[in-house]
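The block underneath contains the structure these notes are about, expressed in structure tokens.
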Amino acid sequence: MPATWQGGADVRHPGRTGRRWLPLAWLFALGGLFGTLPVFQINQLVQVTRDVVAIPAGITSADDHFTFDLLSGIVLSGLVFAVIVGRIQRIATVTSRIVPFMVAFYLLMTAVLLFKNAPEIPGALALIVSDWCVQRQCGGWRRHWYGHHDRSTTGCVLQ
């Protein structure tokens with residue numbers, strides 16, 4: 001079977017799918033809306049903070065973390081509520097002061113992770129290049145990703 005271009009909902013032209021797919025488009029939009037609500041983002045932030053910071057630091061345990069989750073959620077929800085009701089009058093001013101520190105923190109954490117995992121970097125890069133070469137020989141990533149391959153012409157057996 002020859003390789004064909006594939007694409008998702010973000011690639012397709014809206015008029016190509018027809019009106020019968022409109023309910024699915026609305027469902028996708030509503031799912032995206034609920035996925036970006038602050039409640040879900042706070043939940044994810046609390047989980048990551050608990051797993052990456054609080055448990056290794058001994059602040060809470062993996063078995064008993066309800067109090068940590070509750071207090072973290074309340075504090076973060078309070079901050080979001082303060083922004084929504086306007087207690088922070090100039091969000092742009094606050095943001096302009098916070099963002100440079102966030103950028104510096106992210107760059108510092110990236111440097112720390114790269115430094116701690118420096119011995120693994122050459123192997124990871126070699127794996128990327130070798131997988132790219134294998135996929136090129138087998139007909140490209142699209143064939144590999146979607147399972148379209150022709151063993152008779154390429155000689156590849158994709159898993």
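The numbers here are math on the coordinates, done by the rules we state, and not lab data. The model shown is predicted, which means the values in this text are computed figures rather than measured ones. Reconstructed Cβ throughout: ideal geometry from the backbone, glycine too, with neighbour counts over all protein chains shown.
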Worksheet item: Using a basic spin-label model with each label point 7 Å from the Cα along Cα→Cβ, how many nm lie between Ala126 and Ala92?
Response: 5.3 nm
Worksheet entry | Rounded, prolate or oblate (a/c below 1.5 giving rounded, otherwise prolate when a/b exceeds b/c) for the range 19-69 by Cα gyration tensor | prolate
